[in-house]
Ligand SMILES: *Cc1c(COP(=O)(O)O)cnc(C)c1O
């Protein structure tokens, strides 16, 4: 049985230490000459006194309490928890990439700048756009960058009446949040019975006040909106621009390009589609691509080629929206994405997307016999099911998610998208084998049977984890991340 005890502080023994430093061979100075008195702590920090092996065992043990894609299947919809090849980690750690400094002269970091330029070109090719910035540090940050570019463009046209951004009701919450933060009013359009944008409602909403439409395609139901060319036309005809939330590009690589669908601005989540581990909320990257006419507005500086075949950071961009972060990017994520794209090549990326779609459809077709499938059509990289068919037993999506933990699986995304009651959004990704998908399906089927046999047992799950049902809102809103010694 796993337990949270002992904590590292319980192992503490007076005088024990994990380090041995050589004697000091420089003149000692008092702390107060280095740090102003008011910033110095008044009493000694209460640190555990432990040996090196105690520390290693403590943290290694803690790491085994977490679920990661390296320990098991992780079908968390919309998050693309694919397996990330370890070679990409090796490459990101090469000293020439990991030990450079952003203030180093350009002449000494030509390799890094070259990687950025080539990655921008690769992403432009994959998405059908003309120019990219790599600065944004996450998907939501990319959205903000993209919407500010659109705003700057309309302002440059002296078109100040565009105060609205249209967002479908199936959108990821970051879309309306971004538009609101950029000062726009949100206009929501409903989905139709096939899960796509309701074209008539869109026509009603489209007018000269619309700055942009933000759209995810395939959307958060995992469905591709086949009306996309018409949607683009409706917005362009009233002078608005269209923004592609490409956080989930895993179904389209080498198959369909947002640039060809008519989108003017795109962001990608490199940490989802392009191979950076991101389960613990580590560094991300949300590059933004634009069509040629918007390139002058990209954040500056932009990594570019010079006429003599070298690379430089171009900051001479008078229309630029400015910087959106310090320095250039979360550079390690760029290295992983570059390595991933170059290792797979065009054919490999296409195959990855084909397999992502195949895996999702395979799993969906097994599960739809046992769970309710609200939109019964071919899905893209993910699909949404619900336990509506088991409703009579009093079971909720949360119970099924918790019961999955007992079988060693990370649950799917639950209660999202908001337009499906009791949603379970399942994204298997291309890196899982048929056997893994079949085993997961068997467990989902078993849980459906358990609900019918003994719903109370399912409603009290999980049983095998360290802690059971937590106050998840409290954990997110009031995180208690620091250990404090309890005075006894
Ligand atoms: C993940 C996701 C985002 C947000 O990306 P972050 O990197 O978490 O900010 C936006 N839109 C969609 C559709 C997503 O799946």
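Dividing the alpha-carbon radius of gyration of region 291-438 by the rule-of-thumb value 2.2 N^0.38 Å gives 1.51.
Computed over the alpha carbons of region 189-348, Rg followed by Dmax gives 17.6, 56 Å.
By the gyration tensor of its Cα atoms, with a ≥ b ≥ c the square roots of the eigenvalues, what is the shape of region 239-280: rounded for a/c under 1.5, prolate for a/b over b/c, or oblate?
On the way: a/c = 4.14, a/b = 1.81, b/c = 2.29.
Since a/c reaches 1.5 but b/c is at least a/b, the shape of region 239-280 is classed as oblate.
Can you classify region 1-138 as rounded, prolate or oblate using the Cα gyration tensor, where a ≥ b ≥ c are the square roots of its eigenvalues, rounded means a/c under 1.5, and otherwise it's prolate if a/b beats b/c and oblate if not? Since a/c reaches 1.5 but b/c is at least a/b, the shape of region 1-138 is classed as oblate.
Mean separation of Cα pairs under 8 Å and 6 or more residues apart, divided by the residue count, gives region 207-277 a relative contact order of 33 percent. Helical runs assigned H by DSSP (4 residues or longer) give the chain a calculated mean residue ellipticity at 222 nm of -11000 deg cm²/dmol, each run adding -39500 (n - 2.57) before division by the residue total.
Where the alpha-carbon atoms of the chain are placed on the principal axes, they occupy 75, 71, 44 Å, in descending order.
So if we plug the beta-carbon distance of residue 351 and residue 118 into 1/(1 + (r/R0)^6) with R0 = 30 Å, what FRET efficiency do we get, rounded to 0.05?
Computed FRET efficiency for residue 351 and residue 118 comes out at 0.90.
Note on region 85-207: Kirkwood hydrodynamic radius from all Cα pairs is 17.9 Å, rounded to one decimal.
Could you give the Stokes-Einstein D for region 154-266 in µm² per second, using the C-alpha Kirkwood radius, 25 °C, 0.890 mPa s?
Numbers: Rh = 14.1 Å.
Answer from the Stokes-Einstein relation: 175 µm²/s.
Please work out, to two decimal places, the log10 of the ratio I(q)/I(0) at q = 0.15, 0.27, 0.29 Å⁻¹ from a Debye calculation in which every Cα of region 120-179 carries one identical scatterer. Cα-only, vacuum Debye calculation for region 120-179: -0.58, -1.13, -1.14. Using all pairs of distinct alpha-carbon atoms, the Kirkwood hydrodynamic radius of region 352-476 works out to 15.0 angstrom.
Name the shape class, rounded, prolate or oblate, that the alpha-carbon gyration tensor gives for region 409-462, where a ≥ b ≥ c are the square roots of its eigenvalues, rounded holds for a/c under 1.5, and otherwise prolate holds if a/b is larger than b/c and oblate otherwise. Oblate is the answer for region 409-462, as a/c is 1.5 or above yet b/c matches or exceeds a/b.
Only the coordinates and a few stated rules stand behind these numbers; no lab work does. No experiment lies behind these values; they were computed from the predicted model shown. Cβ sites come from the backbone with ideal geometry, for glycine too, and all protein chains shown count toward neighbours.
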